[in-house]
Amino acid sequence: MTTAEITHILEMPVEQKILLLEDVWDSILPDSRRVPVPESHRRELDRRFKKYEQNASALLNDQQLRDALDSRK
């Protein structure tokens, strides 16, 4: 990729950048199973899933999550 192409991408409106990223992601997806998942990530996913199983009712609904995020501002 040339510097001019990178500059062009950086100058694109946000909406176009998002569409470009979606296209790039979609092009990666078919090969994603070949990307190794680090053991530390697997352990973290297992830890989080066990925490969820132990207390699924502690999850926030979408409005509770929005409220919690808004209160951080």
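The values are calculated or read from the model by the stated rules, or taken from the named source; none is laboratory data. Since the model is a prediction, treat every value here as computed from it, not as a measurement. Every residue, glycine among them, receives a Cβ derived from its backbone with ideal geometry; neighbour counts consider all protein chains shown.
Of note:
- Only helices (runs of 4 or more DSSP H) whose full extent lies in the chain are considered here, and the ones with at least 2 residues that are among the charged types (D, E, K, R) and surrounded by 10 or more Cβ atoms within 10 Å (Cβ to Cβ) are 14-28, 39-54, 62-71.
- Looking across the range 29-53, the residues that are charged (D, E, K, R) and modelled with pLDDT under 90 come down to Asp31, Arg33, Arg34.
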